[in-house]
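Since every read-out is calculated from the coordinates, none of them should be taken as a lab result. Quantities reported herein were computed from a predicted structural model and do not represent experimental measurements. Quick reminder, even Gly has a Cβ in these numbers, built from the backbone with ideal geometry, and neighbours come from all protein chains shown.
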Amino acid sequence: MTDVVRSRQQVDSYMKKICSVRKEGKDKFFTWFDGPVGGNTEEAFAKGKDVFKRMFLPFTKGHTKGEHKEFRRALDIGYGGGCHLAAACEFFDYVVGIDVHHEYSHVRSELHRRDKCNFELWCTDGWTLPNVYELSVDFVYSWVTFIHLDGIENVKAYLKEIRKVLRPGGTAVIYFGRLCRCKRLQTQEQFQEDLRKEVEHETGYRDGGASTRVNGIRLVIAAWKMEEMAEAAGLKVESFTASHAETENGPVYFGQHGIVLRKEG
């Protein structure tokens, strides 16, 4: 079975699940994509805005609409219920969202209800960025999407697509599942120890395969492996980050690495 055929089967299962969730009601649908947040749509969008402002906005310097006279465009890979995209609409002139599901009309209606109109949503095959013109995007971002991709070749394909659509000087911030994670919530010391363990891993990734449940964590990748693949795709690695929260006792780390990439030129 080819990678594309296997991926198509995974996408079909994902689409069916999302359709089923949507039929369970609005709150169920909009809280499903990024885990439980309290069970209602308002909390889902509040969480999406918080994540965007903390995990992405610090890396948008030089790209947002208030900093240039030029039209500034962002791309959301795996927009889900549109909670992060809604926040991005506040900082960019236009936002393109791509995902594999076909429930875009419900997401579009909710975004319009929230007075967000500077966006468009497209359905993807899970490997490419359809309807996104080459050299047309200033900032690409993705949250809790690469953990669901169908293997390491799928990641390589997306990195090449990201380079294609980024303008010279454009930035991408991609979060992906961490290969080593000793516990769910980690101190900085525990996080650093897991990074050391990743360096010793032979392949630099682990794939749960087709048996992974829909919306489960399928693919986890070492930071060094992601850096290697990004450079092979022609992207410059600017820095790394990770999903985290600040507490009075210092940062607490969660399950995703973040890689900050730039297209030179």
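How much of the pair distance distribution for the range 111-236 lies past 19 Å, counting alpha-carbon pairs only, in percent?
Details: 4423 of 7875 pairs.
Cα-Cα pairs in the range 111-236 separated by more than 19 Å: 56 percent.
Could you work out the longest stretch of the chain that avoids the trypsin sites (Lys or Arg not before Pro) located in DSSP loops with at most 16 other Cβ atoms within 10 Å?
Details: sites that count: Lys61, Lys69, Arg114, Lys183, Arg184, Arg213.
Within the chain, the longest run free of exposed trypsin sites (Lys or Arg not before Pro) spans 115-182.
For every other residue with a beta carbon closer than 15 angstrom to the beta carbon of Glu134, add +1 if it is Lys or Arg and -1 if Asp or Glu, then tell me the sum.
Values: positive: Arg73, Lys160, Arg163, Lys164, Arg167, Lys263; negative: Asp138, Glu161.
Here the count lands on +4.
So for the chain: antiparallel DSSP bridges make up what percent, rounded to the nearest 5?
On the way: 21 of 41 bridges.
Around 50 percent of the beta bridges assigned by DSSP in the chain are antiparallel ones.
In debye to the nearest 20, how big a dipole does the chain give about its Cα centre with +1 on each Lys and Arg Cβ and -1 on each Asp and Glu Cβ? Please report the intermediate quantities before stating the final value.
Values: 39 positive and 38 negative charges, 85 e Å.
Dipole size: approximately 400 debye.
Convert each backbone phi in the range 155-164 into a coupling constant with the Karplus relation 6.51 cos²θ - 1.76 cosθ + 1.60 (shift: θ = phi - 60°), then list the ³J(HN,Hα) values in order as whole Hz, x for Gly and Pro.
After applying 6.51 cos²θ - 1.76 cosθ + 1.60, I find 5, 4, 4, 5, 4, 5, 5, 4, 4, 5 Hz.
Note down the relative contact order for the chain as a percent, whole number, built from C-alpha pairs under 8 angstrom at least six residues apart. Mind showing how you got there, number by number?
On the way: 485 pairs, mean separation 43.9, N = 265.
In percent, rounded to a whole number, it is 17.
Using DSSP to define loop residues, name the chymotrypsin sites (Phe, Trp or Tyr not before Pro) in the range 38-132 whose beta-carbon has at most 12 other beta-carbon atoms within 10 Å.
Details: sites: Phe45, Phe52, Phe56, Phe59, Phe71, Tyr79, Phe91, Phe92, Tyr94, Tyr104, Phe119, Trp122, Trp127; in loops: Phe71, Tyr79, Phe91, Phe92, Trp127.
Answer in residue order: Phe71.
Can you tell me the convex hull volume per residue for the chain, based on C-alpha atoms, in Å³ to the nearest whole number? Please report the intermediate quantities before stating the final value.
On the way: hull volume 34.5 nm³, N = 265.
So the per-residue Cα hull volume is 130 Å³.
Using DSSP to call loops (not H, G, I, E or B), can you name the GluC sites (Glu not before Pro) in the range 166-216 whose Cβ has at most 16 other Cβ atoms within 10 angstrom? Spell out each step's value before the answer.
On the way: sites: Glu189, Glu193, Glu198, Glu200, Glu202; in loops: Glu200, Glu202.
Of the GluC sites (Glu not before Pro), the ones in loops of the range 166-216 whose Cβ has at most 16 other Cβ atoms within 10 Å are Glu200, Glu202.
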